[in-house]
Amino acid sequence: MRIFNAKVKTSELAFSEISDTTLNKGKSANLLSRFINIVKHLHVSKEVWKERQALSRLSEHQLRDIGVHPATAKRESQRSYFDIPDVRKLVENIDKEKSKRG
């Protein structure tokens, strides 16, 4: 089983450093890694979820006005709370780096 060392910032629920300390493979390590990823991006998950809910409330006419097919909007609004697009994670990381620099 893998063991992770993590430095947690108390002001925000995020792990700033994660280092693998053992070399054993297994499902436990994968689950722990996924859990850490979820915690790191929890606030982004909430934002994405709100956007998906807003998308689900649009009429077919409104969806077509913004260039989204109703079936695509339905699929998107039914995605999991924790299913965050990689682009959103990347944007979040860039924003954090900018705020650190001042």
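The values are calculated or read from the model by the stated rules, or taken from the named source; none is laboratory data. Keep in mind that this is a model prediction, so the values were computed, not measured. All Cβ positions, glycine included, derive from the backbone under ideal geometry; neighbour counts span all protein chains shown.
A few remarks follow.
- Figure legend. Inter-residue proximity from segment 79-102: first residues hydrophobic (A, V, I, L, M, F, W, C), second residues surrounded by 12 or more Cβ atoms within 10 Å (Cβ to Cβ) and modelled with pLDDT under 80, beta-carbon distance below 7 Å, spacing 6+ or different chains. Indicated pairs: 82/38; 84/41.
- Residue that is surrounded by the fewest Cβ atoms within 10 Å (Cβ to Cβ), among those in segment 78-102 that are part of a helix (DSSP H, G or I) and polar (S, T, N, Q): 99
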